[in-house]
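What follows is a short report on a single structure.
Every read-out reported here was derived from the displayed coordinates using simple, explicitly stated rules and does not represent laboratory data. Predicted model, so just to flag it, every value in this text is computed and none were measured. Cβ placement follows ideal geometry from the backbone for every residue including glycine, while neighbour counts extend to all protein chains displayed.
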There are 2 protein chains.
Amino acid sequence: MGVLVFLKGQFMPEAQALIPVNDRGFLLGDGLFETMLVVGGKPFLFGRHVERMTRGADFFKIKMPFSPEELQNFAAQLIERNQMPEAVLRLTLTRGPGRRGYAPDTSCEPTLVMTLHPAPPETRIQWKLVTSSFCIPAGNPLSAYKTTSKILHVMAQAEAVAKGADDALLLNTNGDVAETASGNLFWAHENMLCTAPTTCGVLPGITRAIVLEICGKLGIKLKVRAIGPEALRNSEGLFVTQSVLGIVPVAMFDGKPLKSSPLVYKIADNYHETLTA
Amino acid sequence: MGVLVFLKGQFMPEAQALIPVNDRGFLLGDGLFETMLVVGGKPFLFGRHVERMTRGADFFKIKMPFSPEELQNFAAQLIERNQMPEAVLRLTLTRGPGRRGYAPDTSCEPTLVMTLHPAPPETRIQWKLVTSSFCIPAGNPLSAYKTTSKILHVMAQAEAVAKGADDALLLNTNGDVAETASGNLFWAHENMLCTAPTTCGVLPGITRAIVLEICGKLGIKLKVRAIGPEALRNSEGLFVTQSVLGIVPVAMFDGKPLKSSPLVYKIADNYHETLTA
């Protein structure tokens, strides 16, 4: 029977979870999504993910068909019915079926899907990162939202995998460090943690926000600033933040081994405590 | 019963043309599309559109499930069965259903859809163009392909419509004139026609290519160059090129009326002859 999917207010086997071909999510990438970890039966930071999706829905004028409370309730049912207390949950919201052409029809009824996926392996991993040949626009107002128009990130990830790496460093059109294909990037420098400002064209990641809060809590000095990629090579440690894998230390950058600051493990441990609290 | 749709090798009523929720086109805008005019029962420049889609499929490593000849045959059947000799034809090719995450699964079986839509009105139109608050990256290798990751163009078009305009001028991250939300842009200057080079981040439009050929044929001097938006205000005429509406003269730009060079109408007349030949 396969996994159950939540689609348009109902639970149904995946094989029956179908979308009309004129859904603008399918035709034009006209949608938003969120991915989060399910730990002990609960979607981690569900409220923050829904808050980001709601902000996106307001910006793109896509109707949000359910309240955060309703969504949380449906998510709990989905996890329960599938008996998947350790999993990855994806929420997708598109503008829904509409007529041809870019200009959105204000009468569109949105499509909301929730799906569950296998949890990532629990083993601690270290990544190889390579610089992507693709870059993202600096100062792009759309980068504040997690849209489904993600073909650049798909290509950057595919390119990294083809090079034997795990993730791709995306520079922006100014040549500054922005993010990776799968998450945000932090680097340690002179006993400080640094990350790129959102004005670099960076998605304001939920795990990025958690790391900023951990820095405040632990009194770790933090600098949010734009730098060129050469500075990363001399950093004292590098890690990627993302909602599925959390804190992922980077061991190799463009084929060269990196130093590993104790700050990276301090953050990783603290994040892990939050996750399992 | 509604219009018939071509999906995965079969013709079916639109209501039955459904896509699995895990299609990467729906999840990540991981696909390509082409839109063309159907005139007298024939899709105009079908070969060129399929050629661009095939180039994209090669680049993104999406399988092309049918040969150009097969596609042309299916398109002819779709037009015939729907009795829509005057229409708009859209081809959509996505990577197809796949597992969660950006990195594409090489085993994906692609989704190919062909749909017919009402023909645009035949009356000659003139457009109001406004400068978008969104910009596209200059020198982006992905801009050579018509992908389904189009939320920026959706937003630019929505913004233009909200301002009472028909289309939006998109500048690139260098501040140069690139394209419009719906097509390419040409301007007349000192008895020459000008357009932005593809290095500006511009989609190499099929109608753009036809206009370049018409210029050669009629001996109209052509300059492909990057300019700032202020130069457009003083141009002797402006027009948008796109596959559905062809050559669309721009009468107003950011609220100011524009001159109208005879070159614009020369190109429009010649294009119309090609279309109806």
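A few notes on this one:
- Cβ charges +1 (Lys, Arg) and -1 (Asp, Glu), total dipole of the protein assembly as shown, debye: 480
- Counted over all Cα-Cα pairs of the protein assembly as shown, pairs farther apart than 32 Å make up 47 percent.
- For the residues A:Val248, A:Val154, A:Val113, a GNM of chain A with alpha-carbon springs under 10 Å puts the largest fluctuation on A:Val154.
- For the stretch B:205-252, the fraction of alpha-carbon pairs lying more than 16 Å apart is 50 percent, rounded to a whole number.
- Hz values of 3J(HN,Hα) by residue in the stretch B:74-80 - Karplus curve (6.51, -1.76, 1.60), Gly and Pro given as x: 5, 4, 4, 5, 4, 5, 5
- Only helices enter the 222 nm calculation for chain A: every DSSP H run of n ≥ 4 contributes -39,500 (n - 2.57), and dividing by all residues gives -8500 deg cm²/dmol, rounded to 500.
- Fewest-first sequence of A:Thr131, A:Thr123, A:Thr147, B:Thr106 by Cβ atoms within 10 Å of each Cβ: A:Thr123, B:Thr106, A:Thr131, A:Thr147
- Per residue of peptide B:140-153, the mean number of Cβ atoms on other chains within 10 Å of the residue Cβ is 6.
- Taking a quarter of the surface of the Cα convex hull of the stretch A:169-248 gives a mean projected area of 4.8 nm².
- Residue of B:Leu238, B:Leu27, B:Leu93 that the Gaussian network model of chain B assigns the largest fluctuation, springs spanning Cα pairs under 10 Å: B:Leu27
- Largest GNM mean-square fluctuation among B:Gly228, B:Gly31, B:Gly101, using chain B with Cα springs under 10 Å: B:Gly101.
- From phi via Karplus (6.51, -1.76, 1.60), per-residue ³J(HN,Hα) for the stretch A:95-110 in Hz, x at Gly/Pro: 5, x, x, x, 7, 4, x, 5, 4, x, 7, 5, 8, 4, 9, x
- Debye intensity ratio in log₁₀ form over the Cα atoms of the stretch B:140-277, taken at each q of 0.19, 0.20 Å⁻¹: -1.16, -1.29
- Counted over the stretch B:73-119 with a bin width of 5 Å, the fraction of Cα pairs per bin, in whole percents, is 5, 19, 22, 14, 11, 11, 9, 8, 1.
- Using the empirical formula 2.2 N^0.38 Å as the baseline, the Cα radius of gyration of chain B reaches a ratio of 1.03.
- Seen through its C-alpha gyration tensor, with square-root eigenvalues sorted a ≥ b ≥ c, the stretch A:1-129 comes out prolate because a/c lies at 1.5 or above while a/b is bigger than b/c.
- Around the Cα centre of the stretch A:6-49, unit charges on the Cβ atoms of Lys, Arg, Asp and Glu (plus for the first two, minus for the last two) sum to a dipole of about 180 debye.
- The stretch A:43-113: Rg to Rh, with Rh as the Kirkwood radius over Cα pairs: 1.03
- Counting neighbouring beta carbons within 10 Å and listing from fewest to most, the residues B:Arg95, A:Arg52, A:Arg81 come out as A:Arg81, A:Arg52, B:Arg95.
- In this structure, the amide hydrogen of A:Val5, modeled 1.01 Å from its nitrogen in the peptide plane, lies closer than 5 angstrom to those of A:Met12, A:Glu14, counting only residues at least 5 positions away or on a different chain.
- Neighbouring Cβ atoms from other chains, within 10 Å of the Cβ of residues in A:102-110, number 4 on average.
- Rg and Dmax of the stretch A:21-69, Cα atoms only, in Å: 12.6, 37
- Karplus (6.51, -1.76, 1.60) ³J(HN,Hα), θ = phi - 60°, over the stretch A:205-211, in Hz, Gly and Pro reported as x: x, 5, 5, 4, 4, 5, 5
- Charge dipole magnitude, Cβ of K and R +1, D and E -1 - the stretch B:125-241, Cα centre, debye nearest 20: 180
- Residue by residue along B:112-124, Cβ atoms of other protein chains within 10 Å of the local Cβ number 1 on average.
- The Kirkwood hydrodynamic radius of the stretch B:128-190, based on inverse pair distances between different Cα atoms, is 12.1 Å.
- Sequence of B:Ser132, A:Ser133 once ranked by neighbouring C-beta atoms within 10 Å, starting from the fewest: A:Ser133, B:Ser132
- Compactness of the stretch A:45-190 is given as radius of gyration and Dmax, 17.9, 55 Å, from Cα positions.
- Farthest positive-ward along the protein assembly as shown dipole, Cα basis, beta-carbon charges - from B:Pro43, B:Leu169, B:Ile62: B:Leu169
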